[in-house]
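Q: One structure is given below, represented as C-alpha cells, and several questions about it will come after.
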Amino acid sequence: MAWQSYELDHIAQKLVLDARRRDDKSLNQSHKMRLAVAYGLERFWGEHLRLQGKEDSKSHYWKDTWDALHKLMKKAGVIIPNDPVNPNQVDEIEAMSEKLWQLSIEDQRVAIAVLTQLCDCIVWWTQRYKVGK
C-alpha cells in the first residue's frame, strides 16, 4: 500500500483561514492545540466544550479541528466518535468521553499520530497567516 497524505496540509490551511475569518485572536489556539494532543483524545475533544459560551470563536476552532480529524480518520477506516454534545448535559459529555476511552489502543495511537501531524500543519499555517501586531 502506498503512502496516503490525506491532504493534512490542505485541511490545516483551510482550518487556519476559517479561524482567521472568524477572529484572528483564535489563531493563538493553534499552539495550545498542538500541546493538548499529548494529553489524549478525550482532553483534546473536551476543550471546545470548555470554551463554548465564553470564547466561541476559539471553541469553533477546536471543534472544527476535531471534525476534520473525525473525517480524516473515517477516510482512513478508523471511526472516531463525534456525537453532538450539549455542554450543559453531563450525561452526554460522559457518554462521548466513554466512547473515546473505549477506542482500541491501536485506533487511539493512529488518531493521535494523525492529530499531531494535523496540529503541526495548523501551527505552520498559523505562523504564515497570522496578522502581525
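Q: Rounded to two decimal places and with Rh computed the Kirkwood way over Cα pairs, what is Rg over Rh for the stretch 88-133?
A: That ratio is 1.22, to two decimals.
Q: Right, next: Report the residue, chosen from L72, L115, L35, that carries the largest GNM mean-square fluctuation when the chain is represented by alpha-carbon nodes joined by springs under 10 Å.
A: L35
Q: A follow-up question, please. Among L8, L17, L27, what's the order by accessible area (1.4 angstrom probe), most exposed first? Display every interim value, and only then the final one.
A: On the way: L8 25, L17 55, L27 0 Å².
The most accessible residue leads, giving L17, L8, L27.
Q: Please give the charge dipole size of the chain, origin at the Cα centre, charges +1 on K and R Cβ atoms and -1 on D and E Cβ atoms. Round to the nearest 20 debye. Working shown, then result.
A: Values: 20 positive and 19 negative charges, 141 e Å.
For the chain, the charge dipole is close to 680 debye.
Q: Provide the solvent-accessible area of D107, counting protein heavy atoms only and rolling a 1.4 Å probe, rounded to the nearest 10 Å².
A: Result for D107: roughly 50 Å² accessible.
Q: Considering the Cα trace of the stretch 66-112, what is its radius of gyration and what is Dmax, both in angstroms?
A: 11.2, 32
Q: Let me check the size of the stretch 4-68 from its C-alpha atoms; what are the radius of gyration and Dmax in Å?
A: For the stretch 4-68, the Cα radius of gyration and maximum Cα-Cα distance read 11.5, 38 Å.
Q: For the stretch 5-127, with every protein chain kept in place, what is the accessible area per residue (1.4 Å probe, Å²)?
A: Per-residue value: 55 Å².
Q: Quick one: check the C-alpha center-to-center distance for the stretch 58-133 versus the stretch 3-43, whole angstrom.
A: Rounded to whole Å, the Cα centres lie 9 Å apart.
Q: Could you name the aspartates and glutamates in cross-link range of K58, using Cα to Cα under 13 Å and dropping any fewer than eight places away on the same chain?
A: Cα-Cα hits under 13 Å: D18, D23, D24, E47.
Q: Go through S97, S104 and list them by solvent-accessible area, largest first, probe radius 1.4 Å.
A: S104, S97
Q: Would you mind telling me which residue in I93, I122, I112 has the biggest mean-square fluctuation in a Gaussian network model of the chain, where springs connect alpha carbons within a distance under 10 angstrom?
A: Maximum fluctuation in the GNM of the chain, among the listed residues, is at I93.
Q: Picking from L69, M33, Q127, whose Cα lies most toward the positive end of the charge dipole for the chain (charges on Cβ: Lys, Arg +1; Asp, Glu -1)?
A: Q127
Q: Taking the Cβ-Cβ separation of H31 and D67 as r and a Förster radius of 22 Å, what is the calculated FRET efficiency to the nearest 0.05?
A: Step by step, r from the Cβ atoms, then E = 0.65.
Q: Using the basic label-point model (7 angstrom from Cα toward the beta carbon), what is the N88 to K54 distance in nanometres?
A: For N88 paired with K54, the spin-label model returns 1.7 nm.
Q: When the solvent-accessible surface of protein heavy atoms is calculated with a 1.4 angstrom probe, in what order do R50, R21, R43, R34 fall, highest first?
A: Descending order: R21, R43, R50, R34.
Q: State the percentage of accessible surface on the stretch 5-127 attributable to carbon and sulfur atoms; use a 1.4 Å probe and exclude ligands, DNA and RNA. Please list the in-between numbers first.
A: On the way: 3470 of 6760 Å².
Carbon and sulfur atoms account for 51 percent of the accessible area of the stretch 5-127.
Q: Hey, which of these cross-link pairs are over 29 Å Cα-Cα: K54/K74; K25/K99; K99/K130; K14/K74; K25/K75?
A: Correct reply: K54/K74; K25/K99; K99/K130; K25/K75.
Q: With every protein chain present, what accessible area does K74 have (1.4 Å probe, heavy atoms only), rounded to the nearest 10 Å²?
A: Ignoring ligands and nucleic acids, K74 comes out at about 130 Å².
The values are calculated or read from the model by the stated rules, or taken from the named source; none is laboratory data. It should be emphasised that the depicted structure is a prediction, and the values quoted were computed from it without experimental measurement. Quick reminder, even Gly has a Cβ in these numbers, built from the backbone with ideal geometry, and neighbours come from all protein chains shown. For the accessible areas, the whole protein counts, side chains as well, though only heavy atoms, and no ligand, DNA or RNA atoms are used. Shrake-Rupley method; radii C 1.70, N 1.55, O 1.52, S 1.80 Å.
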